[in-house]
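J.: Take a look at this one; I'll ask things after.
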Amino acid sequence: MSDLGDWFRSIPLITRYWFAGSIAVPLVGKLGLISPVYLFLWPDAFINRFQIWRPITATFFFPVGPGTGFLYLVNLYFLYQYSSRLETGAFDGRPADYIFMLLFNWICIVITGLAMDMQLLMIPLIMSVLYVWAQLNRDLIVTFWFGTRFKACYLPWVILGFNYIIGGSVINELIGNLVGHLYFFLMFKYPMDLGGRNFLSTPQFLYRWLPNRRGGVSGFGVPPASMRRAAEDQQGGGRHNWGQGFRLGDQ
């Protein structure tokens with residue numbers, strides 16, 4: 001148990017709470033401590049009956065059963081892997097920026113869920129985070145199951161097909177990818193690559209609540225790969241190894 005506790009405490013803080021909630025809420029529903037009917041996102045109950053907790057519980061809840069257990073575990077693994085990698089990588093030392101990304105993606109997914117009658121929001125939010133990681137590491141070579149190798153930018157779409165094969169819904173993964181793309185475009189692509197206006201910025205109250213743990217000004221300062229390559233070319237620098245691929249499933 002001490003090894004399990006040490007592993008759990010080693011998970012980055014925000015990912016740790018998200019991961020724990022994604023285990024606790026389905027467990028509560030599975031044990032019948034709270035009826036699962038109160039955990040889904042139902043537009044009528046949320047809007048007309050003011051059951052305002054539903055967007056939150058629908059983000060953590062997943063109906064685990066014989067036909068959905070494997071899909072749940074796979075997406076729980078994706079949550080742990082890619083949220084941890086983002087929180088300790090591009091967002092390292094910037095918890096306010098990471099919380100803002102999660103909040104932006106979550107609000108977009110909740111609005112979409114209400115409009116499209118999506119009752120579960122766990123997979124779309126996980127996929128939106130995975131999409132952002134894939135774009136920030138788009139040229140990284142990853143190895144998927146069965147030995148297939150490809151660039152990280154294709155990973156969200158490969159997982160979309162994989163989740164569909166094992167029983168998921170293409171809609172959930174597609175919404176997650178589109179929301180992740182919206183955040184990446186507004187935060188990185190449009191202002192940094194295209195020279196446009198920066199439409200997204202982390203509110204100051206988040207910085208007061210979760211201050212940066214390293215020096216420098218508040219805000220996100222890691223450009224996407226295309227900007228880094230352009231800067232290297234201008235400086236006459238050679239090719240740089242920004243990281244190594246990894247095999248999904250390795251610990």
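The values are calculated or read from the model by the stated rules, or taken from the named source; none is laboratory data. Small disclaimer: the values here were computed from a predicted structure and weren't measured. Ideal geometry is used to build each Cβ from the backbone, glycine not excepted, and the neighbour counts take in all protein chains shown. SASA here: full protein model, heavy atoms, side chains in, ligands and nucleic acids out. Shrake-Rupley method; radii C 1.70, N 1.55, O 1.52, S 1.80 Å.
J.: Of all accessible surface on segment 6-73 at a 1.4 Å probe, what whole percent is carbon and sulfur?
T.: Exposed carbon and sulfur together represent 75 percent of the surface.
J.: For ASP92 and ALA20 in one chain, what is 0.36 nm times their gap in residues minus the Cα-Cα distance, to one decimal in nm?
T.: Difference between extended and current length: 23.9 nm.
J.: Please compute the length gained on full extension between PHE70 and ASP6, using 0.36 nm multiplied by the number of residues separating them and subtracting their Cα-Cα distance.
T.: That works out to 20.5 nm of additional length.
J.: Now for a separate question. Identify the chymotrypsin sites (Phe, Trp or Tyr not before Pro) of segment 1-106 meeting these criteria: DSSP loop state and at most 15 other C-beta atoms within 10 Å of the C-beta.
T.: Passing sites in segment 1-106 are PHE50, TRP53.
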